[in-house]
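The values are calculated or read from the model by the stated rules, or taken from the named source; none is laboratory data. These numbers come from a predicted model, not from an experiment. So basically every Cβ, Gly included, is an ideal-geometry build from the backbone, and we count neighbours across all protein chains shown.
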Amino acid sequence: MLAGTDHWFDGHRKFKRIGEPRLQAALKVSEFRTPPAGSYNDLDVPYVRFPRWRVCPHCNLLSNQFPEDRTNPEFAPRCPACKVATYPARIVVACSKGHIDDFPWYRWVHRGQSCGGGTLFFQGRGKICGPR
């Protein structure tokens, strides 16, 4: 997921300022900038791996596979138990202002009580509505 534009220019020096006086006045901004561009190692538009929680399609293990900020696009998450490629957990939380985050799995499972960790499993029981 792309990081917000407030993170686009952290340490980035390769941008061009663009002047468009009427649009600047209408939007009440002092300038426009070209987005960062380059390669993964050359400060391209920043992104984060999201959601961090992943599910194993084989054993249903639910795990945080990005505990540190692993943004390397070559990293392919696999189940720590059976080494199968995982898929993103399909439940996330969002607020009315557009902020998005991972679902608080441990807090929800244990109803806000601390359990000290443990192993979680995600078992979907999807149903198809209507005629096939």
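When Ala76 is tested against (1) at pLDDT 90 or above; (2) under 15 Å from Arg52 (Cα atoms), only condition (1) is not met.
Only one of the listed residues (Arg52, Arg90, Arg111, Arg132) is farther than 17 Å from Ala3 by Cβ and at pLDDT 85 or above. That residue is Arg90. Of the set (1) at pLDDT below 80; (2) out of contact with any Phe, Trp or Tyr (no Cβ under 8 Å at 6 or more places or on another chain), all apply to Pro36 but (2).
Taking the condition of being under 12 Å from Val55 (Cβ atoms) and not β-branched (Val, Ile, Thr), how many residues in the stretch 83-119 meet it?
From the stretch 83-119, those under 12 Å from Val55 (Cβ atoms) are 84-91, 103, 105; that's our starting set.
Adding the requirement that they be not β-branched (Val, Ile, Thr) leaves 85, 87-90, 103, 105.
Result for the stretch 83-119: 7.
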